[in-house]
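The structure appears right after this line, and notes come after that.
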Amino acid sequence: MFCFQCEQTSKGTGCTDFAVCGKTEATAILQDLLVHAAKGIAQYAHRARRFGAQDAELDRFLLEALFVTVTNVNFDDAAIEQTIRRAITLRERAKILFQNAATTAGQPAEAIRGPATWTPARTTEALVAQGDAVSSLTRRKGRFGILLGILPE
């Protein structure tokens, strides 16, 4: 387990053996996965804004999703999963917003990769497995680990 999503983290550096707040490893991973899904929405919404297009529902959802992840208000895995699945629906809406805005501006809609193309697994258990790939710990061990000097290049 690795979680540093709140002010209660062990020694201010993150919980690694247990969560001080009582959060489970699966919940921490699902919260990380929700952030990943929110990034996909933001990738499209940001580009749409460059063309002057925006959608208040997308903006509101991003704030709500981040609230679920940065505070200890929701340890309900089923509710987090539901929010992840809603994110995918809204990501498609953001994609259409971006594509239409680009077309209206007479510009090609660039292809976007990363969180914008992620497909969620069908079950909670499989989501947790997927989420592990984008979890804070995995990212910390990856390129961020190199940048932070945790891992050699």
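The values are calculated or read from the model by the stated rules, or taken from the named source; none is laboratory data. If you're wondering where the values come from, they're calculated on a predicted model, not measured in any experiment. Methodologically, a virtual Cβ is constructed for each residue, glycine included, from the backbone with ideal geometry; neighbour enumeration extends over all protein chains shown.
List of remarks:
- Residues of segment 115-129 classified as in a helix (DSSP H, G or I), surrounded by fewer than 18 Cβ atoms within 10 Å (Cβ to Cβ) and at pLDDT 90 or above, total: 4
- Among residues of segment 88-114 that are farther than 21 Å from Asp59 by Cα, those with a beta-carbon under 6 Å from a residue that is of a type outside the set (Asp, Glu) at least six positions away or on a different chain give the pairs Ala105/Phe51.
- Residue check for Thr104: loosely packed, with under 14 Cβ neighbours inside 10 Å and of a type outside the set (Gly, Ala, Ser): yes
- The residue of segment 131-153 that is modelled with the lowest pLDDT, among those that are closer than 30 Å to Leu97 by Cβ and buried (at least 18 other Cβ atoms within 10 Å of the Cβ), is Ser136.
- Subset tally (residues that are crowded, with 18+ Cβ neighbours inside 10 Å, in a helix (DSSP H, G or I) and at pLDDT 95 or above) for segment 43-79: 8
- Set side by side, the residues Arg122, Arg50 differ, and just one is out of contact with any Pro (no Cβ under 7 Å at 6 or more places or on another chain) and farther than 26 Å from Phe2 by Cβ, which is Arg50.
- Residues that are of a type in the set (Asp, Glu) and part of a loop (DSSP other than H, G, I, E, B), drawn from segment 80-112: Glu110
- Where a residue in segment 24-39 is touching a residue at least 40 places away in the same chain (Cβ under 8 Å) and its partner, wherever it lies, is surrounded by 21 or more Cβ atoms within 10 Å (Cβ to Cβ) and of a type in the set (D, E, K, R), with Cβ under 8 Å and at least six apart: Ala37/Arg91
- Failed item in (1) within 23 Å of Lys23 (Cβ to Cβ); (2) modelled with pLDDT under 95, with Arg86 passing the rest: (2)
- Of all residue pairs spaced 6 or more apart or on separate chains, none has beta-carbon atoms under 8 Å together with a first member in segment 50-72 that is free of Cβ contacts under 8 Å to residues at least 12 places away in the same chain and a second member that is among the aromatic types (Phe, Trp, Tyr) and exposed (fewer than 14 other Cβ atoms within 10 Å of the Cβ).
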